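*Asks:* Please find one structure pasted underneath; my questions will follow.
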Amino acid sequence: MRALTPEVLEFVSQPNPAVMATVAPDGRPVTVQIIYLVEDAGHILLSIAAGNSRGGRLGHLSTDGRTSITVLGREDWTKAVTIQGTAVEFFEDQNLAVIDAMTSHYFGGQYAKRAPRTTVRVRIEDWTAEIDNSDTFRANPRPEDQTVA
């Protein structure tokens, strides 16, 4: 396990958009946009609809706990942290406290659907960060866009 550094922890603790990849039973990679909560420097919490166990994320993580989560900068998506982890615990979200905390963090209010949810604790195994990369995707001007003095 490689815990997040303080700088990376600060970045992923913001209400940034994220994409999670799981492995389907047939080996296909499957991605989905998510919201999440950072529990500590070594764990992330996910919330998944309890009825999603057969063919979706919950089923995938129950069968093969490996996941990859890419957190994108809210204002600048070239800033990103990718986390590789393993789902290590699944538990019922009592009173929807976890999903309410997530939606409050991201959107400022309580989760609208009051249906059962499962919380998944993901242990962070490794990560990569590109959060200070302002020149990564900068393009050179096209010749036709350059002005001649």
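The values are calculated or read from the model by the stated rules, or taken from the named source; none is laboratory data. A quick note: this is a predicted structure, and the numbers were derived from the prediction, not measured. Virtual Cβ from ideal backbone geometry, glycine too; neighbours counted across all protein chains shown.
*Asks:* Looking for something surrounded by 15 or more Cβ atoms within 10 Å (Cβ to Cβ), touching a Ser or Thr at 6+ places or on another chain (Cβ under 7 Å) and closer than 15 Å to T128 by Cα - is there at least one such residue anywhere in the range 85-94?
*Replies:* yes
*Asks:* Right, another one. Within the range 1-50, considering only strands (runs of 3 or more DSSP E) that don't extend past its boundaries, which have at least 2 residues that are out of contact with any Asp or Glu (no Cβ under 6 Å at 6 or more places or on another chain) and either surrounded by 15 or more Cβ atoms within 10 Å (Cβ to Cβ) or touching a residue at least 40 places away in the same chain (Cβ under 8 Å) (or both)?
*Replies:* In the range 1-50, 18-23, 37-40, 43-49 are the strands (runs of 3 or more DSSP E) which contain 2 or more residues that are out of contact with any Asp or Glu (no Cβ under 6 Å at 6 or more places or on another chain) and either surrounded by 15 or more Cβ atoms within 10 Å (Cβ to Cβ) or touching a residue at least 40 places away in the same chain (Cβ under 8 Å) (or both).
*Asks:* Checking the condition at pLDDT below 95, of a type in the set (D, E, K, R) and surrounded by 12 or more Cβ atoms within 10 Å (Cβ to Cβ), which residue from E144, E75, E130 passes?
*Replies:* One residue alone meets the criteria, E130.
*Asks:* Among the residues of the range 97-110, which ones are surrounded by 20 or more Cβ atoms within 10 Å (Cβ to Cβ) and free of Cβ contacts under 8 Å to residues at least 60 places away in the same chain?
*Replies:* Within the range 97-110, I99 is the sole residue that qualifies.
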